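S.K.: My questions will all concern the structure given below.
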2 protein chains.
Amino acid sequence: MTDRDTRHRRAMQKLKFHVDERVASASEQRGQLLIFTGNGKGKTTAAWGTVTRALGYGYRVGVVQFIKGTWECGERERLIDDANLDVAIMGTGFTWETQNRDADTRACQTVWCEARRLLADPNVYLVVLDEITYMLKFGYLDIDEVLEALASRPAEQTVIVTGRNAHRRLLDIADTISEMQEVRHAFNDGLQARRGIDY
Amino acid sequence: MTDRDTRHRRAMQKLKFHVDERVASASEQRGQLLIFTGNGKGKTTAAWGTVTRALGYGYRVGVVQFIKGTWECGERERLIDDANLDVAIMGTGFTWETQNRDADTRACQTVWCEARRLLADPNVYLVVLDEITYMLKFGYLDIDEVLEALASRPAEQTVIVTGRNAHRRLLDIADTISEMQEVRHAFNDGLQARRGIDY
């Protein structure tokens, strides 16, 4: 064996030891609260990746889209025929397009009722609250009401929250938080959003 | 109109102005190189979300999995019947399980041939090189060869690279980089990885 091989083998053994140790110490099984936040690309996309994954095992999934209502959405189109997938969409589209606080609040409350129904259903394994952070930020939704619905959900249900500037009290109760940080974004260099990639 | 409504309207108008301005200044259309890196959750998941999205429009997609070969993978199971999806998997599983540098290098080179075929095919709209960063880090793959294959790919083809510690020269040529930062991870608090959510 060469020196390089020996070094490599030793490094891998060390890594394996640490991974095995972490796996052994993880013992609890229950639904989780995951938050994908930050200003970078990949928050909603990672949520849809998880939706695809859960559907792959035949679990029931609910997705509530609080903002992207009027956009084309390839991932929704790809999966929408799946009998295990429920999608609820807030009808008004981007809030800076409508600029009508009352109409947006009503639309948000309507879709939030759908979210509450999903969060109360023990047959739903995964619920995605896509871009709900903006609803809280704009005051369309009450944080106490959201926390209450999350706290009383079925123990086996996982929830994914996406959006920038997640509320401090949501972060406090999350099991996992990933912050997608924008290191570089093609949009800033004059590249147009691309069909099938960006939307 | 109340003061609050007026303030809201003004803030939304300002936001709309900036968004519209950015949309107007983006003029170029071509395939992109996206990198999802960092130590947080969501890199591979965001790649699969994009795969689902592209398939939703009927585009052809190739996924090359450089590490997760032996894992269960719900998202792959969900989409594998799609005639527009090609998946190539490196057979040896996690490299710290095998601890055999020669075998890993051979397995990596075999799956890299599949990647090169996809990167040369103008009918493939999206190619995912999942966890290829580790192959470069361990020296199983040559960075110059990878850069060459990326540079000479069809102009309309988008490539997603995932994995921690992306090579500096890959970052240099990326159009978009998102760094998934681990703010908190359930695994560290004793929660087991969860079927349909984590894998």
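The values are calculated or read from the model by the stated rules, or taken from the named source; none is laboratory data. Bear in mind the structure is a predicted one, so any value in this text is a computation, not a measurement. Neighbour counts run over all protein chains shown; Cβ positions are idealised from the backbone, glycine included.
S.K.: Let me spell it out: the conditions are (1) away from chain A (no Cβ under 11 Å); (2) under 25 Å from B:Gly42 (Cα atoms), and B:Leu126 meets all of them except one. Which number is the exception?
M.R.: That leaves (1) as the condition not met.
S.K.: With the structure loaded, tell me whether A:Thr176 is buried (at least 16 other Cβ atoms within 10 Å of the Cβ), at the interface with chain B (Cβ under 7 Å from one of its Cβ atoms), touching a Gly at 6+ places or on another chain (Cβ under 6 Å) and touching a residue at least 24 places away in the same chain (Cβ under 8 Å) or whether it fails that test.
M.R.: The answer is no for A:Thr176.
S.K.: Given the options A:Asp86, A:Asp104, name the one that is farther than 27 Å from B:Ala166 by Cβ and either in a strand (DSSP E or B) or among the basic types (Lys, Arg) (or both).
M.R.: Answer to the selection: A:Asp86.
S.K.: Among the candidates A:Glu145, A:Glu131, which residue alone is closer than 19 Å to B:Leu15 by Cα, more than 10 Å from every other protein chain (Cβ to nearest Cβ) and either of a type outside the set (A, V, I, L, M) or touching a Leu at 6+ places or on another chain (Cβ under 9 Å) (or both)?
M.R.: The conditions single out A:Glu131.
S.K.: Still on this structure, I have one more. If you go through the range A:157-171 one residue at a time, do you hit one that is more than 19 Å from B:Glu182 (Cβ to Cβ), among the hydroxyl-bearing types (Ser, Thr, Tyr) and touching a Gly at 6+ places or on another chain (Cβ under 9 Å)?
M.R.: The answer is no, given that none of the residues of the range A:157-171 is more than 19 Å from B:Glu182 (Cβ to Cβ), among the hydroxyl-bearing types (Ser, Thr, Tyr) and touching a Gly at 6+ places or on another chain (Cβ under 9 Å).
S.K.: Another question, then. Looking at B:Gly163, B:Gly196, B:Gly139, which one is modelled with pLDDT of 90 or more and either among the acidic types (Asp, Glu) or under 28 Å from A:Leu79 (Cα atoms) (or both)?
M.R.: When all the criteria are applied, what remains is B:Gly163.
S.K.: Within the range B:185-199, take every residue that is among the charged types (D, E, K, R) and surrounded by 15 or more Cβ atoms within 10 Å (Cβ to Cβ) and give me the one that is farthest from the other protein chains (Cβ to nearest Cβ).
M.R.: By that ranking, first place goes to B:Asp198.
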